[in-house]
Structure formats: C-alpha cells, structure tokens
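Colleague: One structure coming up, written as structure tokens, with questions to follow.
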Amino acid sequence: MGCESCSDGSCGSNNGLPPGMLEKYRLNTDRSDGFLVWIETYVGPDGNVAVSEVCKEILCKIRSLDNGRSRIWGVVFGHTELKPLYPEIYAYGVETLYEVHDRKLSKYHPEVYAENIAQVIIRTEPAVVLFGATPKGREIAPRVAAMLDAGLTADCTDLILEDRVLSMVRPAFAGNLLATIQCTGFPQIATVRPGTFPLGEPKEDPRGTVIYWQNCGGTLKDIVSSELKARPTDDISKAKILISLGAGVKKESIPIAESIAKRIGATVSCSRKLVEKGYFPQSRQVGQSGRTVAPDIYLAFGISGAVQHLAGIGSAKRVVVVNKDPEAPIGSVADEFIVADADKVLRELDKIV
C-alpha cells in the first residue's frame, strides 16, 4: 500500500520506511552501543594493585575513535583494594565501572571472571567489548565470546570505527598479510596487543560511577599452588631504548650490539629475518608477527622496513635508521637517517660509548 509521497508503494518493502533510509541509518541493527573494557589489574613491586598499561592504551584509543561520544563501561574484579584505582580508571575514559565486589575474586579465576563479564555485557548491551591481549585476556575473551555466541578477533593491532561497526585489523599468514575483520553481529569482541596504541593524557578532574556487582559466577576452584614462570629481563615491549638489528647486519656484529646496549641501558631486538636465521628468539622480534614496541628511541641497524616491521614501531617516539640503501622503506618513519654500513657504525659506536 502506497502513501502520498510514495504512490508506487515501494516504501512498504522497507517496513514502511522511505527507500534507502534503513541502510543509511542502520536501522536493521540492534540497539547495542558504546564500549565495554575489562580492566585488568596486577600487584606491582610495591605490593599495591595497579591498572594494566594495555587497558589504559585501549581506553585512549576508544576516546580517539569517536572523540568521546560513545559511552564507556569498565569491568573490574576485587574488593576494597580497588578503591584507590577509581580516579585513574575514570581519568582514562570509563564513565561507569562495574566492580565485581568479592574478596575471593582478588585472585584470578578465569571461569568466574568470564561468567560475570558476560552478564555485565547482557546488562549494558555494548556494541564493542575489548580485552588486552595479555595471557589472562587471551584466556577470558574466548570464554566470553562462546557464552554470548559472539565473534572474536584476537591480537588486534588497529581498530577502525564507522558508526557502531568496528573493523579489527590483525596480522595473518605469519605476519605476511594484514587482515581487516568485521563481526556479523553484536557485541563485537576483540583482544588488543599491548603496546599497539600510544598512551594519551588522562582527563583532568575525572568523574565516574561505580556499581557494585554481585558475583554471579559458579563455584570457585581451589588453587592448590601457583608458580610464576620466570620472565626474561630483556622484555623488548617495555624497553625505553632499543637497538634493533636486521638482515643488513652480520652475525659477528650481534655481540657488539649487545655490549653497546648494556652500557647505554638499552635492549637488543631484531627483524623477522634474524629470527628465521636462528640468531634471536622470537621474543626479540619486532613487528606484526613479533612484538609491538613503543620505546623512546628506536635505533634500527640494517633494517629495510617491511610493512609488518613498520607496524610494530608505530608508537616509537624517535626512530634513528642506519642503512646503506637511502631508499629503504623504513626511511618513511625515520626521524634521522644515516646512509652508512650498519656493521661499521656499530663498531665505531662500540669505541665511543
């Protein structure tokens, strides 16, 4: 049946709406909106509870996606030890914080954490749910997605928002390609690689609301014993200065670079090719299939700069390149480019530092 403005009755095929309106305003999607972030905490060296850096990075990225227009919820687990963290959590963008208030949940319980997060998602109906791609985040996020029959994109290195639809970018085929993925429904769930996004400035005079959420999870499992696996002291994702070596550097120069790094308080990292040659473990690799880094200074020796490598240093504050090829792609992100033989420069540095 037509109407005065649509005598041919075509609007009847779009639930009574004028042609094109349903697509233009995305009226065929549900009412999900806003972001929900799991606020991961840890006990610092001083014995106090702190917010994981990746959570703050994610919150800063959300604020940049839509200029702060969307609502942001947070979910955190613990008890009274969390109260000093409220101002910091609000300062990075969380407006409403759901605290699953249970002293027993100050310890990590993945099944119960996932059950409670799923219930908070059902209550708040966010369009996007984000976790840090930490060991814990990688364990909880798939559980939540399975409970909600939702899609999950893991280890994202970029997020792009259009209306409420999130495009999630992650490495694929061993880092040789970047895949852009969209979920077919809500909520859209993703884990984000630590160090991917720069840490912005917190808001001044932060304000928010905390809602104490009663634990609705199942029976807690008794943890008989817990042993922290030893971590390498040369975590490149936390280094302030990185000396990074590529295929243009000879094997004999690696001890020289390590010696220089020790004297200047730096850490040695590498490109994928040196991992493939067996010169370094993958934990030292920078790039899409390695680690994303954000040092104050990134010194690249003999690195050509494949797109996968460049994606891993996007948050570096200053990039200094030494390469014989003045047209090397890494020059596009360099603050300083020295056209020279990388091995010779390393030997000269070894003499003067």
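Colleague: When you scan region 220-230, do you find a residue that is within 26 Å of GLY314 (Cα to Cα), of a type in the set (Ser, Thr, Tyr) and either assigned to a helix (DSSP H, G or I) or at pLDDT below 80 (or both), even just one? Lay out the reasoning, then the answer.
Modeller: We begin by selecting, within region 220-230, every residue within 26 Å of GLY314 (Cα to Cα); these are none.
No, region 220-230 contains no residue that is within 26 Å of GLY314 (Cα to Cα), of a type in the set (Ser, Thr, Tyr) and either assigned to a helix (DSSP H, G or I) or at pLDDT below 80 (or both).
Colleague: Taking region 309-321, which residues are open to solvent by 40 Å² or more (accessible area, probe 1.4 Å) and not in a loop (DSSP other than H, G, I, E, B)?
Modeller: Keep residues of region 309-321 that are open to solvent by 40 Å² or more (accessible area, probe 1.4 Å), which gives 311, 314, 317-318.
Selection gives ALA311 alone.
Colleague: Among GLY93, GLY132, which is among the small types (Gly, Ala, Ser), buried (at least 22 other Cβ atoms within 10 Å of the Cβ) and over 30 Å from ALA306 (Cβ atoms)?
Modeller: Values: GLY132 fails: over 30 Å from ALA306 (Cβ atoms).
Answer to the selection: GLY93.
Colleague: Step by step: first the residues of region 323-353, then only those that are of a type in the set (Val, Ile, Thr) and in contact (Cβ under 8 Å) with a residue 24 or more places away in the chain, then the one that is surrounded by the fewest Cβ atoms within 10 Å (Cβ to Cβ). Which residue is that?
Modeller: VAL353
Colleague: Can you say whether SER269 is among the hydroxyl-bearing types (Ser, Thr, Tyr), surrounded by 19 or more Cβ atoms within 10 Å (Cβ to Cβ) and within 27 Å of ASP158 (Cα to Cα), as far as the supplied structure shows?
Modeller: Details: among the hydroxyl-bearing types (Ser, Thr, Tyr): yes; surrounded by 19 or more Cβ atoms within 10 Å (Cβ to Cβ): yes; within 27 Å of ASP158 (Cα to Cα): yes.
So SER269 passes the test.
Colleague: So which residues in region 82-104 are at pLDDT below 90 and assigned to a helix (DSSP H, G or I), if there are any at all?
Modeller: ARG103, LYS104, listed by residue number.
Colleague: Another question about this same structure. Out of the residues in region 295-308 meeting the condition of being of a type in the set (A, V, I, L, M) and crowded, with 24+ Cβ neighbours inside 10 Å, tell me which one is nearest to ILE264 (Cα to Cα). First the steps, then the outcome.
Modeller: Of all residues in region 295-308, those of a type in the set (A, V, I, L, M) come to 297, 299-300, 303, 306-307.
Next, from what is left, pick out any that are crowded, with 24+ Cβ neighbours inside 10 Å: 299-300, 303.
Values: LEU299: 12, ALA300: 15, ILE303: 21 Å.
Filtering region 295-308 for residues that are of a type in the set (A, V, I, L, M) and crowded, with 24+ Cβ neighbours inside 10 Å, the one nearest to ILE264 (Cα to Cα) comes out as LEU299.
Colleague: Follow-up question, since we're still on this one. Within region 127-156, restricting attention to residues that are over 12 Å from the mean Cα position of the chain (by Cα) and charged (D, E, K, R), which residue is modelled with the lowest pLDDT?
Modeller: ASP149
Colleague: While we're looking at this one, here's another question. Which residue out of PRO171, PRO202, PRO187 is under 21 Å from VAL120 (Cβ atoms) and either among the acidic types (Asp, Glu) or surrounded by 15 or more Cβ atoms within 10 Å (Cβ to Cβ) (or both)?
Modeller: Details: PRO171 fails: under 21 Å from VAL120 (Cβ atoms); PRO202 fails: under 21 Å from VAL120 (Cβ atoms).
The unique qualifying residue is PRO187.
The values are calculated or read from the model by the stated rules, or taken from the named source; none is laboratory data. In this text, all values refer to a predicted model and were calculated from it rather than measured experimentally. Neighbour counts are summed over all protein chains in view; Cβ atoms, including those assigned to glycine, are modelled from backbone coordinates with ideal geometry. Ligands, DNA and RNA are stripped out before the accessible areas are found, and what is left, the full protein with its side chains, is counted by its heavy atoms. Shrake-Rupley method; radii C 1.70, N 1.55, O 1.52, S 1.80 Å.
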